[in-house]
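Heads up: the structure comes next, in structure tokens.
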Ligand code: PRP
């Protein structure tokens with residue numbers, strides 16, 4: 001039976017595939033995926049492509065043995081305990097951002113738009129501020145531009161989206177990177193295979209010059 005991996009599609013997928021390949025896993029199917037979602041080219045690992053927030057759903061349910069997902073999602077879902085290895089890719093950071101008109105000292109209760117309400121709540125609690133949080137699903141940068149919110153909490157990698165929308169960083173929150181997460185039963189069932197994979201991934205990191 002193959003070991004099943006739920007891989008976060010998109011940015012994480014792009015950055016993780018070279019690492020998986022350098023670990024000896026056949027990713028030719030993922031590289032030429034079209035609209036396919038299941039990849040069984042490799043004799044040992046079967047990979048499925050899913051949205052980040054769904055990785056732990058598949059993992060907790062036992063449908064997959066391993067997951068590859070950003071720490072932003074794990075922290076938002078309060079599920080950091082499953083992380084076995086920091087893959088060192090998909091590095092970005094959480095920021096508080098807004099237009100140049102934003103006043104971080106404003107007296108009125110702030111409205112913050114985000115895809116990460118739990119992380120946002122924890123951040124403002126940590127600085128002793130009570131804010132209203134509006135959850136949105138994507139293109140969060142729009143919110144302060146069209147008057148939905150005073151500011152946003154979001155992840156930024158290259159800074160391009162902020163820059164191209166004339167948004168500024170007002171506070172740096174925690175850094176983000178991609179993690180390998182493991183189903184607890186799978187750790188016991190596939191101890192040797194998972195240990196080998198982790199060791200191969202660490203060697204691949206060294207080979208590709210990725211700092212974990
Ligand atoms: C994330 C984030 C920003 C963007 C930042 O969105 O929400 O919009 O990436 O990246 P940058 O600093 O390199 O420009 P994502 O691409 O995951 O898409 P989404 O807005 O659909 O969630």
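Summary of values
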quantity	calculated
Rough spin-label spacing in nm, given labels placed 7 Å along Cα→Cβ, for residue 158 and residue 32	2.7
Quarter of the Cα convex hull surface for the chain, i.e. its orientation-mean projected area (nm²)	12.6
0 to 90° range, to nearest 10: angle between helix 117-126 axis and the chain longest Cα axis	60
Computed label-point distance, nm, for sites residue 146 and residue 118 using a 7 Å Cα→Cβ extension	2.8
Nitroxide proxy distance, nm - points 7 Å out along Cα→Cβ at residue 185 and residue 206	3.5
Relative contact order, percent, the stretch 92-176 [alpha-carbon distance under 8 Å, six or more residues apart]	52
0 to 90° range, to nearest 10: angle between helix 191-208 axis and the chain longest Cα axis	60
Potential extension, residue 126-residue 198 segment - 0.36 nm per residue separation minus Cα distance	22.5 nm
Relative contact order %, the stretch 67-212, counting alpha carbon pairs below 8 Å whose residues are six or more apart	41
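Here, each number is a calculation from the coordinates, and none is a lab measurement. If you're wondering where the values come from, they're calculated on a predicted model, not measured in any experiment. All Cβ positions, glycine included, derive from the backbone under ideal geometry; neighbour counts span all protein chains shown.
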